[in-house]
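*Asks:* Dropping the structure in here first, questions after.
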Amino acid sequence: MGSVNNKARPFGGQHHHQQPICTRTHQIGALLLVAATFFFTSLFDSSFRPCASHFSTVDLIPTSRSSVHVSDGRDLLWPHRGYGPHLDLNIYVYDDREIDGLKALMHGRDGTIDSSTCLKGQWGTQVKIHRLLLKSRFRTRKKEEADLFFVPAYTKCVRMMGGLNDKEINQTYVKVLSQMPYFRRSGGRDHIFVFPSGAGAHLFRSWATYINRSIILTPEGDRTDKKDTSAFNTWKDIIIPGNVEDGMTTNGATLVHPLPLSKRKFLANYLGRAQGKVGRLKLIELSKQFPDKLECPELKFSGPDKLGRIDYFEHLRSSKFCLSPRGESSWTLRFYEAFFVECVPVILSDQVELPFQNVVDYTQISIKWPSTRIGPELLQYLESIPDEYIEGMISRGRQVRCLWAYAPESASCSAMHAILWELQRKVRLFHQSTETFWLHNGSVVNRNLVQFSDWRPPMPLP
């Protein structure tokens, strides 16, 4: 991934002069110049690709800019495919001391929930992303310089630990938003929220009223089994990886190492609870019919027979294919975990959304099978795949799994790097909302013609 200014540029003036008459020699020379330019452009374009992966489908370091020729002869330049040649962001991170109520969303009504507690489990991304941004070189401490604004909240963890109930979460979010002039200025379009669980933004019951224009980071792209609509919007939100155990993602500190294919006991496995879900129930029944091919143990999460994390990953690595059916929602952490035990993930969740689709070709590293066709046919198909194909998928998955790890910014590849690239596509030069107006001198005002610098909370929300 590259690292020069991607921000929107002003109109660039063009001067027109009378052109000299071209001779045949000039024309031939021009053709040769075009051909040479095309050759070297193609050469460099194929040589310098981010993550150096042959299955990356999008080059994040393009060689030309797009322009629109406007009426007065000038060019309006568009960024390189929406990304630019390198990261160029300023992100402001709200502090829990500057916004009344933000501390409650992070530590509960009594402020007693420690963030380290919320760091664990599949929802730990809400803490990890916050901590990484606090240390990021793209963080700015000046709101007026910010391209984007990050609103930290650990609401999934706080709710599970009894720190806030659903009503309190809703009321507190509204209270927090009413104290943010910059949120009001853009209608929330430049504000980032993390909702790390299958519930997505539905944890904030009034999300559709207040943050329906904001950027939501979530592993969940569908929630229509529980709600009338999904809170995920393809065009503004970003799918992020789930939080895989650090002991599996940190270089040199792997809890469990992958096994050679020849030493794997099962063709496939499913490690999870039934939860009354049709796809999961079908897999459990299928394992009873083919116990030598499909491992589907009864998992216990409490008591003396509780399955520990190491035991879990040892089971996961014992198969060539790791089956990932939907549960309470369409995404499953098992999909990401499979890459770190080098087990090919088989997605059995039709509505699933996957992260970073502009750079990862999932047909090269995973299989997606219709959830309506779970049965012996699935096992027959998996059994027909030669080991050399499986090894190839594992090898390609090994190259991109760094994108599932929430590593420090010093790492050459990480989930945070990928998220920052996706955020860069969301940056706007201009900010407006239904309650934002501007005057002839460029000053931004509200409906009462009060200048933006004089807006004071609490402000009315839509």
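*Asks:* Between Gln171 and Lys265, what is the label-point separation in nm under the 7 Å Cα-to-beta-carbon projection?
*Replies:* It works out to 5.3 nm between the two label points.
*Asks:* Still on this model: Between Val444 and Glu388, what's the calculated FRET efficiency when r is the beta-carbon distance and R0 is 41 Å? Round to 0.05.
*Replies:* Efficiency computed from Cβ-Cβ geometry: 0.10.
*Asks:* When all C-alpha to C-alpha distances in the stretch 184-275 are sorted into bins of 10 Å, what percent of pairs does each bin hold, rounded to whole numbers?
*Replies:* 14, 32, 24, 19, 9, 2
*Asks:* Expressed as a fraction of 2.2 N^0.38 Å, the rule-of-thumb size for a compact globular protein of N residues, what is the C-alpha radius of gyration of the stretch 365-462?
*Replies:* 2.05
*Asks:* Report the dimensions of the stretch 86-208 along its three principal axes from the alpha-carbon atoms, largest first, rounded to Å.
*Replies:* Largest to smallest, the principal-axis extents are 39, 28, 26 Å.
*Asks:* What are the ³J(HN,Hα) values, in whole Hz, obtained from phi via the Karplus relation 6.51 cos²θ - 1.76 cosθ + 1.60 with θ = phi - 60°, for each residue of the stretch 263-273 in sequence order, with x given for Gly and Pro?
*Replies:* Each residue's phi maps through the Karplus curve to give 9, 8, 6, 10, 5, 8, 9, 9, 10, x, 8 Hz.
*Asks:* From the phi of every residue in the stretch 439-454, what ³J(HN,Hα) in whole Hz does the Karplus formula 6.51 cos²θ - 1.76 cosθ + 1.60 yield, where θ is phi - 60° and glycine or proline is x?
*Replies:* Going residue by residue, I get 10, 4, 8, x, 6, 9, 9, 9, 4, 8, 6, 7, 5, 3, 5, 9 Hz, with x marking Gly and Pro.
*Asks:* Could you work out the mean projected area of the convex hull around the alpha carbons of the stretch 224-324, in square nanometres to one decimal?
*Replies:* Hull-based average projected area comes out at 9.4 nm².
*Asks:* Follow-up question, since we're still on this one. Calculate, for Thr372 and Glu328, the FRET efficiency according to 1/(1 + (r/R0)^6) with r their C-beta to C-beta distance and R0 22 Å; round to the nearest 0.05.
*Replies:* Efficiency at R0 = 22 Å is approximately 0.70.
*Asks:* Magnitude of the Cβ-charge dipole of the stretch 275-367, K/R +1 and D/E -1, about the Cα centre, nearest 20 debye?
*Replies:* Using only the charged Cβ atoms, the result is roughly 200 debye.
*Asks:* If you take the charge dipole of the stretch 368-448 about its Cα centre, with +1 on Lys and Arg Cβ and -1 on Asp and Glu Cβ, which of His431, Cys413, Asn446 is farthest toward its positive end?
*Replies:* Asn446
*Asks:* Still on this model: What are the residues whose amide H is under 5 Å from the amide H of Arg205, where those residues sit 5 or more places off or on another chain and H is modelled from the backbone?
*Replies:* Asn170
*Asks:* For the stretch 325-462, with only Lys/Arg (+1) and Asp/Glu (-1) charged at the beta-carbon, what is the dipole magnitude about the Cα centre, in debye rounded to 20?
*Replies:* In total the dipole reaches around 640 debye.
*Asks:* Could you tell me how far the Cα centroid of the stretch 394-415 sits from the Cα centroid of the stretch 166-198, in Å?
*Replies:* 30
*Asks:* Quick one: Karplus J couplings for the stretch 327-339, per residue in order, coefficients 6.51, -1.76, 1.60, θ = phi - 60°, nearest Hz, x for Gly and Pro?
*Replies:* x, 5, 9, 7, 8, 9, 5, 4, 4, 6, 4, 4, 5
*Asks:* Then there is this: Hey, if you put +1 on the Cβ of every Lys and Arg and -1 on every Asp and Glu Cβ in the stretch 257-309, which of Leu283, Leu261, Gly303 ends up farthest toward the positive end of that dipole?
*Replies:* Among Leu283, Leu261, Gly303, the one farthest towards the positive end of the dipole of the stretch 257-309 is Leu261.
*Asks:* Rounded to the nearest whole Å², what accessible area per residue is found for the stretch 320-456 with the 1.4 Å probe?
*Replies:* 44
*Asks:* Residues of the stretch 140-157 with amide nitrogen under 20 Å from the 7 Å Cα-to-Cβ point of Arg109?
*Replies:* 153-157
*Asks:* What distance in nm lies between label points placed 7 Å from Cα along the C-beta direction at Thr363 and Arg398?
*Replies:* According to this spin-label approximation, the distance is 2.4 nm.
*Asks:* Obtain the nm distance between the two label points defined at Ile310 and Phe290 by a simple spin-label model: each point lies 7 Å from its Cα along the Cα-to-C-beta direction.
*Replies:* So the label points at Ile310 and Phe290 sit 3.2 nm apart.
*Asks:* Summarise the accessible area of the stretch 363-435 (1.4 Å probe, protein heavy atoms) by the percent that is carbon and sulfur.
*Replies:* Carbon and sulfur atoms account for 50 percent of the accessible area of the stretch 363-435.
*Asks:* Ok, one more. Would you pull out the residues with amide H under 5 Å of Gly375's amide H, same chain only if 5 or more places away, H placed 1.01 Å from N?
*Replies:* Amide H neighbours of Gly375, under 5 Å, 5+ apart: none.
*Asks:* Enumerate the amide H contacts of His191 below 5 Å, restricted to partners 5 or more residues apart or on another chain; note that Pro and chain-start residues carry no placed amide H.
*Replies:* Phe149, Ile215
*Asks:* Let me ask something else about it. How large is the Kirkwood hydrodynamic radius of the stretch 133-190, counting all unique pairs of alpha carbons, in Å?
*Replies:* For the stretch 133-190, the Kirkwood estimate is 13.2 Å.
*Asks:* Give the calculated FRET efficiency between Ala208 and Met459 to the nearest 0.05, with a Förster radius of 22 Å applied to their Cβ-Cβ distance.
*Replies:* The computed FRET efficiency comes out at 0.65.
The values are calculated or read from the model by the stated rules, or taken from the named source; none is laboratory data. As the structure is a prediction and not an experimental result, all values here were calculated from the model. Backbone-built Cβ (ideal geometry, glycine too); neighbour counts: all protein chains shown. Just so you know, the surface numbers come from the protein's heavy atoms only, side chains and all, with ligands and any DNA or RNA stripped out. Shrake-Rupley method; radii C 1.70, N 1.55, O 1.52, S 1.80 Å.
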